[in-house]
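A quick write-up on the structure given underneath.
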Amino acid sequence: MKHPERSALERLVVRVPFAWLLAFFLVPFLIVLKISLSQTAIAQPPYTPVLDLAAGWHGLIAFFGGLSIDNYVLLGSDPIYLLSNVKSVEIAAFATLILLVIGYPVAYAIARTPRRVQAVLVLLTVLPFWTSQLIRIYAWMNILQRDGPFNDLLMTLAIVKEPPAWLSTDTAIYIGIVYSYLPFMVLPLYATLEKLDESLLEAAADLGCPRWKTFWLVTLPLSSPGMIAGVLLCFIPIVGEFVVPDLLGGSQSPMIGQTIWLEFFGNKDWPAASAVAVVLVCLLVTPIVIYQNQATRVVGRE
Amino acid sequence: MRKVSALNLGALALGIAFLYLPIAVLVIFSFNASRLVTVWGGWSTRWYAELLNDAPLLESAFISLRLALTSATIATLLGTLAALALVRFGRFRGRLLFAAMIYAPLVMPEVITGLSLLLLFVAVAADRGFWTVAIAHTTMAMCFVTVIVQSRLADFDSTLEEAAMDLGAPPLRTFVSVTLPLIFPAIAAAWMLTFALSLDDLVIASFTTGPGATTLPIRIYSEVRLGVKPEMNAVCSIMVGVVGVAVVAASLLAKLAGARGAPARAR
């Protein structure tokens, strides 16, 4: 650095955004952690103990004495939480698999088109992501109605005799999720497939390897970083998904995002909602850490 | 020139159709004259006309616009500063924490971001309303700004800045007359994208809002939960149009930036 002594102005460049993130990202999260260890109370705010700084040392002792892990015990024992956790992970896992199967051919095809076209196709893939998810899911509510266009199509093609109900089923949740997250899967896959060294494919062809085998032995393994990135980019947010299961799914078995929402707005059980949130973050942080390790290992090998 | 096989072409066509058909259906239905959404009653703009008489909806639209303008502007300022700090300042105390706090909100489920901010506002007994949602949207959006501006900053020729300083320009002057013009397209693109993000958000706004600050997505959500309505088809079509124009404009700007930055890199 040329200027080891930073001016007041330069220090401000770091400190202003730093302070903002501390105040509105880190501190709120610590509050969630603290409230998850509190008890529900019929009061405003509806939890206890409340940290009373005015009471000094005694207040602090009372505060820590009042903390408990009851909410986490509740999460482990109450079947509602257990079910919504299991269901969220299950839906996220299957949906991610479907996304990979659908997204791979699309990404592969984009990477095979001429350069000029690629830019347009990438923009076309990203564009729907920027329109509100609420609106895109609402569009599917239109389509999947009992007398909506999807059933009309199925009836015209004589695939079904009676129009089946799609809304409030897990199938609808899968359709909505796959639709919402397709860009997240296609983009990282495209990014690795586009960089693929084509001379490797030519070499395989020259040596008499059939095309399907070249794909299986060369293309697929080389695109694994893109697959890992795509899987994580989809899996993590899908676990916490709220809008899709709320609008397209049934209410009988909520996903974990809905459970937090319900505990918060419906039952006003803030400590339980906070505990669910902490568990969710722990669930999500694990795959990120694994991915980071994987990424550094790959970089180290190269 | 590479050959595009029929199989690849088929995958492309199906993928693009899957992404766009639902939105097309929504827009077409918004012009349906019939009140029954699924019965086609001919083309009509009556649902758009009826929106003009829906006072609460218009008020929500106005709130959402003001909110998007406010939070996109503050987020762009903060996010650009953060990008400068990360790219130009090398090491500083707390850099790791800083970088973690920039990337974490990008993968955090919205339900948790909303919940944690609400708990903060309750803890400090802040009156919830327009400004609490603005703060929440700013926090979420500034991280996107940082990522976009950061990649542009890392990309351009830093010898230009060094040349300006060698010729005696003080750091602030260098920033204003060399750095800022070079990264401006990225900043403008980031502003537009965060504008779209704020306009679209339902979950974070639901947690952090208060009386008198019902945003458009919250209003739409409470209407569509109970089922499909023709007026909602019209509102949603308008929003798709607005956001679509903003994003296409942003990507054109970004492309312009790339074209302008290219000669500098070629040297």
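The values are calculated or read from the model by the stated rules, or taken from the named source; none is laboratory data. Keep in mind that this is a model prediction, so the values were computed, not measured. Please note: Cβ atoms are built from the backbone with ideal geometry, for glycine as well, and neighbour counts cover all protein chains shown.
Quick notes on this structure:
- Complete set of residues in region B:207-231 that are within 8 Å of another protein chain (Cβ to nearest Cβ) and within 19 Å of B:Thr70 (Cβ to Cβ): B:Phe207, B:Pro217
Conditions tested, residue by residue: (1) modelled with pLDDT of 60 or more; (2) surrounded by 12 or more Cβ atoms within 10 Å (Cβ to Cβ); (3) within 8 Å of another protein chain (Cβ to nearest Cβ).
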| site | (1), (2), (3) |
| --- | --- |
| A:His3 | no, no, yes |
| A:Leu22 | yes, yes, yes |
| A:Val27 | yes, yes, yes |
| A:Leu33 | yes, yes, no |
| A:Leu37 | yes, yes, no |
| A:Gln44 | no, no, no |
| A:Pro49 | no, yes, no |
| A:Gly59 | no, yes, no |
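- Checked against the criterion of being more than 8 Å from every other protein chain (Cβ to nearest Cβ) and in contact (Cβ under 8 Å) with a residue 24 or more places away in the chain, the candidates B:Ala83, B:Ala100, B:Ala33, B:Ala55 yield just one match: B:Ala83.
- Verdict on B:Val248 being of a type in the set (A, V, I, L, M, F, W, C) and in a helix (DSSP H, G or I): yes
Here is a yes/no grid of residues against (1) in contact with a Cys (Cβ under 8 Å, 6 or more places away or on another chain); (2) over 26 Å from A:Val285 (Cα atoms):
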position: B:Leu67; (1), (2): no, yes
position: B:Ala75; (1), (2): no, no
position: B:Ala83; (1), (2): no, no
position: B:Leu97; (1), (2): no, no
position: B:Tyr103; (1), (2): yes, no
position: B:Gly114; (1), (2): no, no
position: B:Leu118; (1), (2): no, no
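- Output for region A:153-180, where each listed residue is within 29 Å of the chain's Cα centre (by Cα), of a type in the set (S, T, N, Q) and assigned to a helix (DSSP H, G or I): A:Thr171, A:Ser180
- Residues in region A:212-241 that are facing another protein chain (nearest Cβ under 9 Å) and either outside any helix (DSSP H, G or I) or among the hydroxyl-bearing types (Ser, Thr, Tyr) (or both): A:Gly240, A:Glu241.
- Among the conditions (1) touching a Leu at 6+ places or on another chain (Cβ under 8 Å); (2) within 17 Å of B:Gly79 (Cβ to Cβ); (3) more than 14 Å from chain A (Cβ to nearest Cβ); (4) surrounded by fewer than 19 Cβ atoms within 10 Å (Cβ to Cβ), B:Pro185 misses just one, which is (4).
- For region B:196-233, taking the residues that are assigned to a loop (DSSP other than H, G, I, E, B) and among the hydroxyl-bearing types (Ser, Thr, Tyr), the one that is surrounded by the fewest Cβ atoms within 10 Å (Cβ to Cβ) is identified as B:Thr214.
- If you go through region A:214-260 and keep only what is under 12 Å from the mean Cα position of the chain (by Cα) and either among the aromatic types (Phe, Trp, Tyr) or at positive phi (or both), you end up with A:Phe235, A:Phe242.
- Counted residues, region B:68-79 - those being facing another protein chain (nearest Cβ under 9 Å) and buried (at least 24 other Cβ atoms within 10 Å of the Cβ): 1
- Just one of the numbered conditions (1) outside any loop (DSSP other than H, G, I, E, B); (2) crowded, with 16+ Cβ neighbours inside 10 Å; (3) more than 9 Å from every other protein chain (Cβ to nearest Cβ) is not true of A:Ser199: (2).
- Whichever residue in region A:134-152 is more than 7 Å from every other protein chain (Cβ to nearest Cβ) and not hydrophobic (A, V, I, L, M, F, W, C) and, among such residues, is farthest from the chain's Cα centre (by Cα): A:Asp152
- Some residue of region A:113-132 being buried (at least 20 other Cβ atoms within 10 Å of the Cβ), modelled with pLDDT under 85 and either over 20 Å from A:Phe242 (Cβ atoms) or touching a Pro at 6+ places or on another chain (Cβ under 8 Å) (or both): yes
- Condition check for A:Tyr190: in contact (Cβ under 8 Å) with a residue 12 or more places away in the chain and either surrounded by fewer than 23 Cβ atoms within 10 Å (Cβ to Cβ) or outside any helix (DSSP H, G or I) (or both): no
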